[in-house]
1. Of the conditions (1) part of a loop (DSSP other than H, G, I, E, B); (2) closer than 21 Å to ALA9 by Cβ; (3) modelled with pLDDT under 80, GLY98 fails just one. Which one is it?
2. Could you list, in sequence order, all residues of region 80-122 that are touching a residue at least 24 places away in the same chain (Cβ under 8 Å), under 25 Å from MET1 (Cα atoms) and either under 14 Å from the mean Cα position of the chain (by Cα) or buried (at least 17 other Cβ atoms within 10 Å of the Cβ) (or both)?
3. Return yes or no: is GLU52 in a helix (DSSP H, G or I), open to solvent by 30 Å² or more (accessible area, probe 1.4 Å) and farther than 14 Å from PRO133 by Cβ?
4. It is to be established whether one or more residues within region 143-160 are part of a helix (DSSP H, G or I), touching a helix residue (DSSP H, G or I) at 6+ places or on another chain (Cβ under 6 Å) and modelled with pLDDT under 50.
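The values are calculated or read from the model by the stated rules, or taken from the named source; none is laboratory data. Since this is a predicted model, take the numbers as computed values, not measurements. Cβ sites come from the backbone with ideal geometry, for glycine too, and all protein chains shown count toward neighbours. What goes into the accessible areas is simple: the full protein's heavy atoms, side chains included, and nothing from ligands, DNA or RNA. Shrake-Rupley method; radii C 1.70, N 1.55, O 1.52, S 1.80 Å.
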Amino acid sequence: MQTQIFETALGLFGIGWTDSGIARVHLPGLEHWELAQRLAAGGAVPSLPTREVEAIMERIEAYAEGQKVDFSDVALDLTGAPDFHRRAYACLTQIGWGEATTYGVVARQLGNVNLSRAVGQAMGTNPIPLLIPCHRVLASNGQAGGFSAPGGAETKQRMLALKGSGPGAPNGQLTFGF
């Protein structure tokens, strides 16, 4: 895997890619050295991005500036992800900007509401947050629930509020730092 760290209005993002597509995204919240260390796991190496990857980085930068961005067309490399996780991630890529859903709804889409915890586990190991928008999945009570990115549930709430789709977020809210 090849990697790059880049600055956005929200802070440093990390991105990793293979010939098959984007394989990793690390959200802001880490120091440069910590981000580089995480990206290097498994033998990944810093590289100059291809034109395609550069275009995705530009879309992430636009997102960080509060622009409406759709990542559903981005090629993803989910090599090593269990089949159930891949199916859950496929459901998430259909959730549009400003929309949110619940773990139970995703579980029903996957065939059984009793899979809600398994959906939560898939979200917790999402290797490509933002592009696979696990931040758009809420608990059944409408609360943010957990989030494994730096900042936890608070970061999730900020991401949702940025799009006006989270608990208590007014439509068009673009003033949060994430």
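1. (3)
2. Result: ALA81, HIS85, ALA88, TYR89, LEU92, THR93, ALA122.
3. The answer is yes for GLU52.
4. yes
Condition check ((1) outside any strand (DSSP E or B); (2) surrounded by 12 or more Cβ atoms within 10 Å (Cβ to Cβ); (3) more than 18 Å from the chain's Cα centre (by Cα)) across all residues:
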residue	(1), (2), (3)
THR3	no, yes, no
ILE15	no, yes, no
GLU34	yes, yes, yes
ALA41	yes, no, yes
LEU48	yes, no, yes
MET57	yes, yes, no
GLU61	yes, yes, no
ASP73	yes, no, no
LEU78	yes, yes, no
